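Some notes on the structure that comes next.
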Amino acid sequence: MESIYSQIVAAKAINQKLLALLIDPDKVAMDQVSVLIQKINTSPATHILVGGSSFDGDYLEDLIAKLKSEIELPILLFPGNPSQISPNADAILFLMLLSGRNPEFLIEHQINAVPILNKTNLEVISTGYLLIESGKETAVERVSKTKPLDRNNPEYVLQTAQAGEYLGNKLIYLEAGSGAKFPVPTDMITLVSQNIKIPVLVGGGIRSKNEIEAAFSAGADMVVIGTAFENDSNFFD
Ligand code: 1GP
């Protein structure tokens with residue numbers, strides 16, 4: 001079977017835009033999962049991300065097993081820490097918080113994740129993760145104890161993304177943070193996407209279909225929606 005990463009690259013090559021729904025296990029009760037699954041299955045989503053900044057993994061296995069059994073889309077882990085790794089998913093975004101200067105999120109969690117990952121068949125997708133300042137402190141900033149990149153300095157954001165590409169990252173994720181006041185600026189998305197070859201994911205604070213379209217038009221290959229769908233599962237109707 002073609003890898004999830006090569007599917008993402010193939011979609012980029014033909015300008016087919018991808019939409020990921022982020023499921024935060026902290027915010028989904030097991031007894032609501034069936035309704036959520038119905039909504040996901042009638043949405044335009046192409047991928048499911050599962051993860052959150054603070055979740056410590058209690059019923060992750062059950063949640064992902066259930067999602068997997070009833071949804072055909074690829075399920076990618078988007079972990080805040082190594083306790084959020086489940087063998088039941090298809091792949092993991094193996095994140096390096098390139099915007100921050102906290103060694104825990106640049107390399108320590110990753111080293112600790114290896115023995116866990118080696119017991120799974122998860123496809124590991126190296127992802128440069130860049131937190132962009134978005135109008136208020138977000139959970140990523142709080143949990144990682146790092147500062148986001150200046151939203152008014154797209155050149156430096158590009159330089160960081162290019163460093164990630166040179167280091168071997170396979171994806172760049174421009175993140176405003178969950179529930180961000182302002183999403184990643186579209187001119188920043190354009191500058192980054194036009195100057196790196198690897199696919200660009202954009203998420204955080206995207207609340208409307210117009211904002212999704214704006215991110216796609218600016219050059220995002222995949223848009224990630226969390227809060228808007230959490231708050232209104234009819235968002236795509
Ligand atoms: C957060 O980018 C994702 O990591 C999604 O953010 O919850 O604001 O959609 P929202």
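The values are calculated or read from the model by the stated rules, or taken from the named source; none is laboratory data. Note that the structure is predicted; figures quoted are calculated from it, not measured. Note: ideal-geometry Cβ built from the backbone for every residue, glycine included; neighbour counts use all protein chains shown. Ligands, DNA and RNA are stripped out before the accessible areas are found, and what is left, the full protein with its side chains, is counted by its heavy atoms. Shrake-Rupley method; radii C 1.70, N 1.55, O 1.52, S 1.80 Å.
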Notebook entry, point to check: Is the stretch 145-157 home to any residue that is at pLDDT below 95 and assigned to a helix (DSSP H, G or I)?
Noted result: no
Scanning the stretch 9-43 residue by residue, those among the β-branched types (V, I, T), within 16 Å of the ligand (Cβ to nearest atom) and within 18 Å of I212 (Cα to Cα) turn out to be I23, I40
Scanning the stretch 162-192 residue by residue, those open to solvent by less than 10 Å² (accessible area, probe 1.4 Å), more than 13 Å from the ligand (Cβ to nearest atom) and assigned to a loop (DSSP other than H, G, I, E, B) turn out to be N169
Every listed condition ((1) in a loop (DSSP other than H, G, I, E, B); (2) closer than 19 Å to G51 by Cβ) holds for E230 save (1)
*asked:* So, E137, is that one open to solvent by 10 Å² or more (accessible area, probe 1.4 Å) and within 13 Å of the ligand (Cβ to nearest atom) or not?
replied: no
- Could you please let me know if P199 is open to solvent by less than 40 Å² (accessible area, probe 1.4 Å), in contact with a Leu (Cβ under 7 Å, 6 or more places away or on another chain) and more than 13 Å from the ligand (Cβ to nearest atom)? yes
Cβ pairs under 7 Å, 6+ apart or interchain, first in the stretch 220-237 and within 9 Å of the ligand (Cβ to nearest atom), second open to solvent by 70 Å² or more (accessible area, probe 1.4 Å), ordered by first then second residue, are A228/R207; E230/K27
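Does the stretch 75-82 contain any residue that is more than 16 Å from the chain's Cα centre (by Cα) and either at pLDDT 90 or above or of a type outside the set (A, V, I, L, M) (or both)? Break it down stepwise before answering.
Our first condition is that a residue be more than 16 Å from the chain's Cα centre (by Cα); within the stretch 75-82, this holds for none.
The answer is no; no qualifying residue exists.
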In the set V157, V143, the lone residue that is open to solvent by less than 40 Å² (accessible area, probe 1.4 Å) and either within 15 Å of the ligand (Cβ to nearest atom) or on the phi < 0 side of the Ramachandran plot (or both) is V157
In the stretch 52-104, residues that are of a type in the set (S, T, N, Q), closer than 25 Å to L149 by Cβ and surrounded by fewer than 18 Cβ atoms within 10 Å (Cβ to Cβ) total 2
